[in-house]
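Student: Please find one structure pasted underneath; my questions will follow.
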C-alpha cells in the first residue's frame, strides 16, 4: 500500500464513523501520477475502461433559475454519442428547436437554426466527460495538469490538480474514493453508478448565476456501432 493510502486508512480507522477532519501531512500528499492511477482503479481499472470504444447517453438537462422573474424551470432531452478518440455529438431538443455540438476529432462545430458555426464552443471538460475512456485519457484533454496539493470540499478531503493557470479550473479528486468529484469551481460530478464494468457519473451539476443546470443521465450504452460520419458537421 502506498504511504499516502496507509496514512489515510489509519486516520479513517481512528475516527470511526464520524465525519473526517482532514489534517494531512506533507508525506501523505500523493504525486499527480498516483492520483491519476488511483482514479483509474476507482473507475474500474485500465483493462475494463479500454474495452469501451463508444458510448451513447440519453437524459435531461434540467435548468433551474429561481431568482429570475419569472422563475425559470426547463427540462430538455439530450443524447450524447461519443467514440474514441475524441469524437462526440451532443443533440438537445427544446421548445426553441434542436441544437447540436460536435467534434469529429480535429474539427469542432455548433449547429442551430439551420446554421453551422465551426471551431465554436469547444470545452475540453465537456469533451472529456463524453469520452468512454476518459479516466485513462486525462492527459489528452488536460495536457498542462500539475499537482497543487490537498484541500477540502464540503468537509471531504480532496486532492486538487490544476489544468492551467486559472485556479478556478482545478480538478478535485476525493481522497477517500479516488473518484473525480468536481471539474472547476462550478461543476459537481455526482451519482456514480456501475455500467458495463466501470462506474460512470449519472449527474453533472453546473452552478450558474441565479441557479443551476444539471445533466441527468437516464441510460448509458457502450460499444454501440457508430459511423464516423455521425460526427461530421451538418451541410445545408
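The values are calculated or read from the model by the stated rules, or taken from the named source; none is laboratory data. Everything numeric here is computed off the predicted structure, so don't read it as measured data. Glycine gets a Cβ as well: all are built from the backbone with ideal geometry, and neighbour counts include every protein chain shown.
Student: Kindly indicate which of 28, 82, 42 is in contact with a helix residue (DSSP H, G or I) (Cβ under 7 Å, 6 or more places away or on another chain), modelled with pLDDT of 95 or more and crowded, with 16+ Cβ neighbours inside 10 Å.
Tutor: 82
Student: Identify all residues within region 222-236 that are farther than 24 Å from residue 113 by Cα and surrounded by fewer than 13 Cβ atoms within 10 Å (Cβ to Cβ); write none if there are none.
Tutor: Once the filter is applied, which keeps residues that are farther than 24 Å from residue 113 by Cα and surrounded by fewer than 13 Cβ atoms within 10 Å (Cβ to Cβ), region 222-236 yields 224, 225, 227.
Student: Within region 137-169, how many residues are touching a strand residue (DSSP E or B) at 6+ places or on another chain (Cβ under 9 Å), assigned to a helix (DSSP H, G or I) and surrounded by fewer than 14 Cβ atoms within 10 Å (Cβ to Cβ)?
Tutor: Residues in region 137-169 being touching a strand residue (DSSP E or B) at 6+ places or on another chain (Cβ under 9 Å), assigned to a helix (DSSP H, G or I) and surrounded by fewer than 14 Cβ atoms within 10 Å (Cβ to Cβ): 1 in total.
Student: Then there is this: Quick one: count up the residues across region 121-136 that are in a loop (DSSP other than H, G, I, E, B) and surrounded by fewer than 18 Cβ atoms within 10 Å (Cβ to Cβ).
Tutor: Of the residues in region 121-136, 3 are in a loop (DSSP other than H, G, I, E, B) and surrounded by fewer than 18 Cβ atoms within 10 Å (Cβ to Cβ).
Student: Within region 49-79, can you find the residues that are surrounded by fewer than 17 Cβ atoms within 10 Å (Cβ to Cβ), at pLDDT 95 or above and not in a strand (DSSP E or B)?
Tutor: 50, 51, 53
Student: Taking strands (runs of 3 or more DSSP E) that do not extend beyond region 170-215, which have at least 2 residues that are closer than 22 Å to residue 156 by Cα, modelled with pLDDT under 95 and out of contact with any helix residue (DSSP H, G or I) (no Cβ under 9 Å at 6 or more places or on another chain)?
Tutor: The strands (runs of 3 or more DSSP E) meeting that bar are 198-208.
Student: Do any residues in region 180-203 that are free of Cβ contacts under 8 Å to residues at least 12 places away in the same chain have Cβ atoms under 6 Å from those of residues that are part of a strand (DSSP E or B), where the two are at least six apart or on different chains, and which pairs are they?
Tutor: Between residues of region 180-203 that are free of Cβ contacts under 8 Å to residues at least 12 places away in the same chain and residues that are part of a strand (DSSP E or B), the close pairs are 193/202.
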